[in-house]
Amino acid sequence: SIYGPQTTDGKPSRRILNKLLNIIHANREVSIVGSGDYFRNYIHVQDAIGIILELIETEQALPEVVLACSTENVKFYEAITCLVDCYERRFNCEVKINYGMDARYVSDTRSFYGSPSKCISKRVFKYDLRGGFNDLVSRI
């Protein structure tokens, strides 16, 4: 999942982290599906763009499909806890995390793991999860 500044143009979006940050900012509270004990892979939009640009400029043969994701697979509740921590530090407040929201879609609690394709596996990412969240929160 991609997150970061300006990741939506006002149209409906599935960028869950940006949506949750907006909810946190409005309510100082956020609810997540189930226990959040499922894996996700998040990548900052600047890192995703960097990968695309590198692939465009490469002269090596590329596979038909390239998985452009981060090297961090984290449990959803860990990602949300990190996002909330970044928010609380930035705004010197407390945010309540509610667990146990009902799933709306089968994919809500399914784990998604990712590893970057070999052609980009040695890439140094600009943002780890905490750094990316700090960047995102700083732009509110």
query: Hey, if we sort Leu55, Leu17 by accessible area with the 1.4 Å probe, largest down, what's the order?
result: Leu55, Leu17
Solvent-accessible surface (1.4 angstrom probe) belonging to Lys19, in square angstrom, nearest 10: 90 Å²
Mean Cα-pair separation over length for segment 8-121, i.e. relative contact order, pairs under 8 Å, 6 or more apart, %: 44 percent
query: Any idea what % of Cα-Cα pairs in the chain are farther than 24 Å?
result: 34 percent
- prompt: Taking K and R as +1 and D and E as -1, what net charge do the other residues with C-beta under 11 Å from the C-beta of Ala68 add up to?
  reply: -1
statement: Counting only DSSP beta bridges fully inside the chain, the antiparallel percentage to nearest 5 is 35 percent
message: Cβ neighbours within 10 Å, averaged per peptide: list 25-36, 40-51, 100-111 in order, most packed at the top.
response: 40-51, 25-36, 100-111
message: Keeping all protein chains in the complex and leaving out DNA, RNA and ligands, what accessible area do you get for Leu62 with a 1.4 Å probe, in Å² to the nearest 10?
response: 70 Å²
statement: Ordering Ser115, Ser70 by the accessible surface of their heavy atoms, 1.4 Å probe, largest first, yields Ser115, Ser70
statement: In the chain, whole DSSP H helices that both stretch 20 Å or further along their axis by alpha carbon positions and average at least 0.0 on the Kyte-Doolittle scale are 76-91
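The values are calculated or read from the model by the stated rules, or taken from the named source; none is laboratory data. It should be emphasised that the depicted structure is a prediction, and the values quoted were computed from it without experimental measurement. Glycine gets a Cβ as well: all are built from the backbone with ideal geometry, and neighbour counts include every protein chain shown. Surface areas here come from the heavy atoms of the whole protein model, side chains and all, with no ligands, DNA or RNA. Shrake-Rupley method; radii C 1.70, N 1.55, O 1.52, S 1.80 Å.
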